[in-house]
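Visitor: Below: one structure in structure tokens.
Rule-based calculations on the coordinates, nothing more; no lab input. Fair warning: this is a prediction, and the values are worked out from it, not measured in the lab. Every residue, glycine as well, gets a Cβ built from its backbone with ideal geometry; the counts of neighbours run over all protein chains shown.
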Amino acid sequence: MIKFLDLYKINKRFEDEINEVINRTIRSGWYLLGKEVSSFEKEYAEYINVEHCIGVANGLDALRLVLKAYIELGRLKEGDEIIAPANTYIASILSISDNRLVPVLVEPDLMTYNIDPFRIEEKISHRTKGIMIVHLYGQNAMHPEIKRITEKYNLILIEDNAQAQGCRYNERPTGSIGDGSGNSFYPGKNLGAMGDAGAVTTDNNELAEVIRGLANYGSTRKYINDFKGLNSRLDEIQAAVLRVKLKRLDSDNQRRREIAQFYLDNIKHPEIILPTSMTFVECRLDHVWHLFVIRSKNRDKLKNYLEIIGIQTLIHYPVPPHKQQAYREMNGYRLPITELIHDEVLSLPISPVLEQSEIEQVVEAINSYQK
Ligand SMILES: *Cc1c(COP(=O)(O)O)cnc(C)c1O
């Protein structure tokens, strides 16, 4: 059986080193807000090329905290609108509504599956205060048009970088392009911890300070509380594991690119639409292939066929946020491109530990699929 994602195999490559750093952390007797976290924050900030990295409990919290900090700073207030892609994992949208801000959904570009830069401006109202872009499936979502709009309307730009650690836009790492970014180290992400973990990255000193306080009960000095905060901290053990894995992130992403290129070059089927790693006129769209997502009109049939052969696939995602019971108020929205994508997408196995023979098996199975 070819697993969609073999997390044990991924982590087994680091087993000795991980055991060592976990033991070191256990023996230190210090489990929160210590040396591992501050070292990881420094190393990840350097990797993303930003001034500040604040380790937090998970990726959703990272996004929630960026928005919450802007509320504390008076840049956002309840009822303000944040433009966001309709085609995303629900966590992006939850971070907005959790802060009593209003998500305004924009359709994706069918070529990239990311927010369509040319459909943003029509959604701007006098209440629009920010744009959240999501580098979905590992592909950069930033675009010159988004820069133009944020400047013209003086909007905050937030990046959901949960799926794109190591991706670049015009030489700059994603996670460093916007005013504040949410990063997730959920175990299955390109840089994955062994449990929940996340981080905010930003160049803004003031924002970083507020977020650090908010994530620690709203306290910037012990027992002095400036804000009504949360408890959302990265722990020492997860930080120690992430420091080991960060060193291999670029080579892992390189392997993902090779696998993606092999799929792109060799999968040939009239029913199947391959992802595009296309070039816009103005900018190259980098991709770190968190997911390799194909489309088929008979997606469920194809999924079953592959399952029977022994190839596990997943759907990212079967139900868009606006069709969820949790967002009843949006159930009536007409977002046909988003809905089409959710009906047709299928994610093939991709990970740095897939064997060449497994990749070949996936290609062969798909090419001999009879609809
Ligand atoms: C994984 C993910 C999140 C949330 O990250 P967690 O660490 O699971 O909270 C947010 N947005 C996107 C696009 C994601 O893929």
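Visitor: Only residues that are closer than 29 Å to Gly188 by Cβ and more than 16 Å from the ligand (Cβ to nearest atom): list them for the stretch 131-150, please.
Guide: Scanning the stretch 131-150 gives His143, Ile146.
Visitor: Could you please find all residues in the stretch 151-204 being surrounded by fewer than 18 Cβ atoms within 10 Å (Cβ to Cβ), free of Cβ contacts under 8 Å to residues at least 60 places away in the same chain and either more than 14 Å from the ligand (Cβ to nearest atom) or among the charged types (D, E, K, R) (or both)?
Guide: Scanning the stretch 151-204 gives Glu151, Lys152, Tyr153, Asn154, Glu171.
Visitor: Next question, about the same structure. With respect to Ile315, determine if the residue is more than 23 Å from Glu258 (Cβ to Cβ), of a type outside the set (D, E, K, R) and touching a Ser or Thr at 6+ places or on another chain (Cβ under 8 Å).
Guide: yes
Visitor: So the check is Cβ under 9 Å with 6+ separation or different chains; which pairs have a first residue in the stretch 109-122 that's buried (at least 20 other Cβ atoms within 10 Å of the Cβ) and a second one that's of a type in the set (Lys, Arg)?
Guide: Asp109/Arg119; Pro117/Arg148
Visitor: Taking the condition of being more than 16 Å from the ligand (Cβ to nearest atom) and within 21 Å of Ala86 (Cβ to Cβ), how many residues in the stretch 298-333 meet it?
Guide: Counting residues in the stretch 298-333 that are more than 16 Å from the ligand (Cβ to nearest atom) and within 21 Å of Ala86 (Cβ to Cβ) gives 9.
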